[in-house]
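Input: a single structure, listed below in C-alpha cells.
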Amino acid sequence: MAGLRNVTVLPDAGALATAAADHAVAVLQRTLAARERAHLALAGGSTPRAMNALLAAPPRRDALDWTRVVFWFGDERCVPPSDADSNYRMNRETLLDPLAVAPGRVHRMRGEDDPTAAAADYHAVLQRELGERPRLDLILLGMGPDGHTASLFPGTVSGIARSALCIAHFVPRLDRWRITLTPHAINDAHSVTITAGGAEKADALAMVLNGPPQPDVYPSQIVRPRSGDLHWFVDAAAAAKL
C-alpha cells in the first residue's frame, strides 16, 4: 500500500499498547524539540484506553512537557460528553484528567450538538488554530474488524469533498450519526499511527495491507499521509493472515 512506512507486529495486546505509547512519546518529543506546541488527535477504543494508562503514568508521563500538547479528536459518537460511549469521556478519564490538562488545550467534537453543525464547527476550529490547511502532528487511529478507521466506515468514503476537514454522516449499519476527520485532514498529518489487535481483525488487516485498493470497502486503505509517516502497530492475532 502506497504511504505505508512501517508495520510492527507485537505478541499480544499489552505489548501492542506499550509499543504504540512509546512511539507516541517519541513523536511528541521530536515535535516539541522543533516547535513550541504539539497537536495530538486522540482515538476511542480498547487499545487507546490502554495506551492512555501508559502515557499518564511514569515514566512516559515525565518524558515530555504535556503542557505544550494540544489535544484533538479523530472522531466522536453523537452522544453527550458524559455518555459512556463518548470518546471524549474515555480520553478525559484515562488521559486528560490524570495529566491535569487545561480545558483550553482540549478541542473536543461536540457530539451532543446537531452533527452537521458540530462537524462544521470543528472544521472552523482546526483552521482557526492551525491555518487553512491544518497539519496535526500525530493522529492516533484504530482499525475495526470491517476495516474502518476513525468514523470512516465502508460505503462512506467516496464523495467526501476535498475541502472538508471534518464531516458528519449517518452510518446505516450502526443506525447512528458519527463525526469524523476526513481522509484529507488525516493525510495532511505529520505522523499517523494505526493500531489493530485481535483475531477478529485478521481478515480485514490482510486486505487493507496486502489487498487491491478498495478504500470504500476497506476505509483504512485511504490513510496514506502525503508528506508524513504512517506506522501500524498490530498484535500477532491480527497479523495472522499477513
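Under a model in which nothing but the beta-carbon of Lys, Arg (+1) and Asp, Glu (-1) is charged, the chain shows a dipole of about 500 debye around its Cα centre. Ordering 227, 40, 99 by Cα displacement along the dipole of the chain toward the positive end leaves 227 in first place; charges were set at the Cβ atoms of Lys, Arg (+1) and Asp, Glu (-1). Computed over the chain, the per-residue total of -39500 (n - 2.57) for DSSP H runs of n ≥ 4 gives a 222 nm mean residue ellipticity of -8500 deg cm²/dmol, rounded to 500. Note: relative contact order over the chain, using C-alpha pairs below 8 Å and six or more positions apart, is 26 percent.
Take the alpha carbon gyration tensor of the stretch 83-127, find the square roots of its eigenvalues, order them as a ≥ b ≥ c, and report rounded if a/c is under 1.5; if not, report prolate when a/b exceeds b/c, else oblate. The shape class here is oblate. Considering only 81, 50, 71, the residue lying farthest towards the positive end of the dipole of the stretch 1-84 is 71, judged by Cα position with unit charges set on Cβ.
What the phi angles of the stretch 153-168 give under the Karplus curve with 6.51, -1.76 and 1.60, with θ = phi - 60°, is a coupling list of 9, x, x, 10, 8, 5, x, 6, 4, 5, 7, 7, 9, 8, 9, 10 Hz, glycine and proline written as x. Proximity of backbone amide H atoms, modeled 1.01 Å from N, is registered between residue 150 and 142 at under 5 Å, excluding neighbours fewer than 5 places apart on the same chain. Please report how far the C-alpha centroid of the stretch 205-228 lies from that of the stretch 27-102, rounded to the nearest whole angstrom. Going from one Cα centre to the other spans 25 Å. Here the extension length gained between residue 164 and residue 97 equals 21.0 nm, from 0.36 nm per residue of separation less the Cα-Cα distance. Looking at the stretch 98-224, the DSSP beta bridges with both ends there are about 65 percent antiparallel. So in the chain, what percent of DSSP beta bridges are antiparallel if you round to the nearest 5? Percent antiparallel among DSSP bridges in the chain is about 30. Across the stretch 15-61, C-alpha contacts under 8 Å between residues 6 or more apart give a mean separation that, scaled by the residue count, equals a relative contact order of 50 percent.
Pick out, from 189, 143, 238, the residue whose Cα sits farthest towards the positive end of the charge dipole of the chain, with +1 on the Cβ of Lys and Arg and -1 on the Cβ of Asp and Glu. Checked the options; the winner is 189.
Screening the chain for DSSP H helices whose Cα atoms reach 20 Å or more along their own axis and whose mean Kyte hydropathy is at least 0.5 gives 13-34. Please build a GNM for the chain, connecting alpha carbons under 10 Å apart, and tell me which residue among 165, 40, 64 fluctuates the most. Among 165, 40, 64, the largest mean-square fluctuation in the Gaussian network model of the chain belongs to 64. Available extension along the chain between residue 65 and residue 15 is 15.5 nm, counting 0.36 nm per residue and deducting the alpha carbon span. The region of the chain that goes longest without hitting one of the GluC sites (Glu not before Pro) in a DSSP loop, each with at most 11 other Cβ atoms within 10 Å, is 133-242.
3J(HN,Hα) couplings calculated from phi for the stretch 72-82 with the Karplus curve 6.51 cos²θ - 1.76 cosθ + 1.60 (θ = phi - 60°) are, in sequence order, 10, 9, x, 6, 8, 7, 8, 9, x, x, 8 Hz; Gly and Pro show x. Among rounded, prolate and oblate, which fits the stretch 30-75 when a ≥ b ≥ c are the square roots of the eigenvalues of its C-alpha gyration tensor, a/c under 1.5 means rounded, and a/b larger than b/c means prolate? Note, shape of the stretch 30-75 comes out oblate. Can you classify the chain as rounded, prolate or oblate using the Cα gyration tensor, where a ≥ b ≥ c are the square roots of its eigenvalues, rounded means a/c under 1.5, and otherwise it's prolate if a/b beats b/c and oblate if not? Rounded is the answer for the chain, as its axis ratio a/c remains below 1.5.
Computed from the coordinates by the stated procedures, all read-outs in this text should not be read as laboratory data. All figures in this text were calculated on a predicted structure; none of them were measured in a lab. Using ideal geometry, Cβ is built from the backbone for each residue, glycine included, and neighbour counts are taken over all protein chains shown.
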